[in-house]
Amino acid sequence: MIDHERLHRDGYVLLRQAVPADGLDALRSLFDARVRPSDQWPVPRGADWRHAQLDDDAQVLAICRLPPLLAGVSALIGERFFIAQVEGREPLAGGGHQQLHRDLSQQRPGDIANALVYLDDYGQDNGATRIVPGSHRTHPGAPPFDSNDESLTVQLCGSAGDILLF
């Protein structure tokens, strides 16, 4: 069950063990089989990540349609939505670090929701996602988002099969 109040306040929720453990090996194999070099994508991808094209796989699309995930996206966006893009990313050893940033629609902040499916356990030791709770919405009079200020970050930790919705 998603805590909608917390989701709106913090801008994210971790859906623990949303992907059944018995399907993770198949997803890892699919990811490895679908990795494509940067020049084979419509828009070049960074060289410090592995990127996999996954948007036509039935198992992946079934995960995109998990009821708790759809309910969370619906709560965040608040109106009809569609799945726009499905791809896999894996940071390479020694690379992949991202500066803090916001994934915002240029037309209307709040129109985009993202979901990360973790295929491996994650935490500080392997560079898991950092979140700044509440940074998903701009507030009148608030100072601009400072992508260099990591003082408010939360380092996520969890298990393979978790889904981060933000």
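The values are calculated or read from the model by the stated rules, or taken from the named source; none is laboratory data. Bear in mind the structure is a predicted one, so any value in this text is a computation, not a measurement. Note that we place each Cβ from the backbone using ideal geometry, even for glycine, and neighbour counts take in every protein chain shown. Note: accessible area is taken over every heavy atom of the protein model, side chains too, but ligands, DNA and RNA are not part of it. Shrake-Rupley method; radii C 1.70, N 1.55, O 1.52, S 1.80 Å.
For segment 110-150, a residue qualifies if it is open to solvent by 90 Å² or more (accessible area, probe 1.4 Å) and in a loop (DSSP other than H, G, I, E, B), and the qualifying residues are Asp121, His139, Pro140, Pro143, Pro144, Asn148.
Selection over segment 61-88 of residues that are closer than 21 Å to Ala26 by Cβ and either within 14 Å of the chain's Cα centre (by Cα) or in a strand (DSSP E or B) (or both) gives a count of 7.
Filter segment 36-56 down to residues that are touching an Asp or Glu at 6+ places or on another chain (Cβ under 8 Å) and more than 14 Å from Val86 (Cβ to Cβ) and give me whichever is modelled with the lowest pLDDT. Going through the qualifying residues, I end up with Trp49. Scanning segment 8-42 for residues that are under 17 Å from Leu164 (Cβ atoms) and among the small types (Gly, Ala, Ser) gives Gly11, Ala18.
Scoring Glu5 on the criteria (1) outside any helix (DSSP H, G or I); (2) open to solvent by 80 Å² or more (accessible area, probe 1.4 Å) leaves a single failure, condition (1).
Per-residue answers, yes or no, for (1) in contact (Cβ under 8 Å) with a residue 12 or more places away in the chain; (2) open to solvent by less than 80 Å² (accessible area, probe 1.4 Å):
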residue: Arg28; (1), (2): yes, yes
residue: Pro37; (1), (2): no, yes
residue: Gln40; (1), (2): no, no
residue: Pro44; (1), (2): no, no
residue: Ala62; (1), (2): no, yes
